[in-house]
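Read the structure below first, then the notes.
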């Protein structure tokens, strides 16, 4: 008969493993593993799945990794979160400054992948430690080139301020062709608020080819429609003939822009409507579409009911 397991969390210590002016690349997680009867599991192969959840203990994951390890003679394991086998997301681009985060722990005491969730703990210290490091008048730069001044005031309070630079909500300029796009922050994510319009127009009957040129089609084979509504791309052309979820594809090359995967789509939808279920197949939620749609009938057919563009 399979036993239920429990995990006793001893301590979570955030690791400052990098030099001054660099944010830590991981944090330490230490725990003692016990079975359902309270017996410590000694010198046993175990597997952990660690998920960083956004906003609530049951929120959507922004990052998931696994660890295969062995408990010591005290049943203790030490993990460096951020260095495991990545299943989803990118630890380095988590925006710790926005919202609350929870660490969900799941365990397989047999060392396999039959994980059982043991709980989720709010990461109260993460926003300070992971993006501040040793605060004291330093400047940190994120993956999009944004810079932040971090220091301590005369009362010992941590203070941060954004330095001039690109931020989500600013105009995105595609360096390939000079096209400009508005952007919008939704939850912890930054989205283009306009359809991409890059590449060379071809006739829709021709079909887009795997070559050195990004090809697009325009509605009714009219280039003016691409200027108004964005380009039309076949799946393979959009992905640039790569099957990996979250690939850059035809997105602007600078700033980490990429095609959203399923989790990123659902994370955005869930932020706008918490009745969304990412596990169900088919339609869920109530008003995500309306929150994303432009009001009026300039670009939508009448009556465009429910549109609010509140995202």
Checklist line | Fewest-first sequence of 294, 264 by Cβ atoms within 10 Å of each Cβ | finding: 294, 264
Check: Expressed as a rounded percentage, what relative contact order does the stretch 172-260 have, with Cα pairs under 8 Å and six or more residues apart?
Finding: 19
Notebook entry, point to check: When a footprinting reagent is the concern and you count Cβ atoms within 10 Å, what order do 34, 176, 49 take, fewest first?
Noted result: 176, 34, 49
Check: Sorting 267, 47, 277 on the 10 Å Cβ count, fewest up front, what's the list?
Finding: 277, 47, 267
Checklist line | Convex hull volume per residue in cubic angstrom - Cα atoms of the stretch 165-270 | finding: 111
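Values quoted throughout were computed directly from the atomic coordinates according to the rules given, and no laboratory measurement underlies them. Keep in mind it's a predicted model, so treat the numbers as computed, not measured. Don't worry about glycine lacking a Cβ; one is built from the backbone with ideal geometry, like all the others, and counts go over all protein chains shown.
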